[in-house]
Amino acid sequence: MMLKLFIVICVVAGTLGLSGCGYNTLQAQNQEIEARWSEVLNQYQRRADLIPNLVRTVQGFAQQEKDVLLGVTEARSRVGSIQATPELLNNPAAFQQFTQAQGQLGSALSRLMMVSERYPDLKSDQNFRDLQAQLEGTENRITVARNRYIDAVKAYNTTVLSFPSNLTAKVFGFAKKPNFGVSNEAEISRPPTVNFDSGANAGMAAPAGSPRTTPAQLPQTLPAPQPIPVQPTPAQ
């Protein structure tokens, strides 16, 4: 009888000790991060799924914009080649590679949307306008999802670094999580190029180092969207 009572006391004391040292908080915050990350991936996938229709629509009105169209398809391909599994959250180098690829895709999409300014027929096409609205809505959702992930990681990392929960974190292997930053800092800090020429390509300079392409190099059909594998988040 006394042995059973002693075991119960030890279990209760151990549970209270873990809770008081931040173990439960770390677990809950880690689950929150994984849930927020899954939402980020869902919105990125939504954007990737819109790209084929966007490219086909622009190509129908502005087939000469080979560099822009090829840049979008290549950026989308790079994003799809990265396996965005939950383990990515514990690998800062892989996380940075993923965010840089997404940033490059965002820049390529911006250049694609700027094409419409030079083609009134494209700009007024209902299909293009619908796709543009969907893309704008998706970009807003991405921003919201990223901000929620940033807040979740900030709270978790604060717990990992604070005493006495930092001791619990070391014992149970809770490490800091990488967070989003400005992946295209060099690009956004570069002053814009202003061109007052009246040619068809006025107002938009090709990105530095972009390859020159011929019609034969542009894929006639885009590959089917490759879903980003997301492991289900355990129920809290």
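The values are calculated or read from the model by the stated rules, or taken from the named source; none is laboratory data. The model shown is predicted, which means the values in this text are computed figures rather than measured ones. Here Cβ is always computed from backbone atoms with ideal geometry, including for glycine, and neighbour counts include all displayed protein chains.
Report whether or not Glu74 is among the charged types (D, E, K, R), closer than 30 Å to Pro164 by Cα, at pLDDT 95 or above and assigned to a helix (DSSP H, G or I).
In short, no.
This table checks each residue for (1) without any contact (Cβ under 8 Å) to a residue 60 or more places away in the chain; (2) outside any helix (DSSP H, G or I); (3) farther than 15 Å from Ile142 by Cα.
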position	(1), (2), (3)
Asn24	yes, no, yes
Ala28	no, no, yes
Ala35	no, no, no
Leu50	no, no, no
Leu70	no, no, yes
Ile82	yes, yes, yes
Leu88	yes, no, yes
Phe98	yes, no, no
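Please verify whether the stretch 87-109 includes one or more residues that are of a type in the set (A, V, I, L, M) and over 30 Å from Lys177 (Cα atoms). No. Can you spot a residue in the stretch 107-118 that is part of a helix (DSSP H, G or I), out of contact with any Gly (no Cβ under 9 Å at 6 or more places or on another chain), of a type in the set (Asp, Glu) and over 21 Å from Ser38 (Cβ atoms)? No - not one qualifying residue is present in the stretch 107-118. Residues considered: Pro223, Pro178, Pro234, Pro207. Of these, the only one that is at pLDDT 50 or above and assigned to a loop (DSSP other than H, G, I, E, B) is Pro178.
When the stretch 58-99 is limited to residues that are of a type in the set (Lys, Arg) and crowded, with 18+ Cβ neighbours inside 10 Å, the one that is nearest to the chain's Cα centre (by Cα) turns out to be Arg76. Once the stretch 100-116 is narrowed to residues that are out of contact with any helix residue (DSSP H, G or I) (no Cβ under 7 Å at 6 or more places or on another chain) and closer than 21 Å to Gly137 by Cβ, the residue that is surrounded by the most Cβ atoms within 10 Å (Cβ to Cβ) is Gly103.
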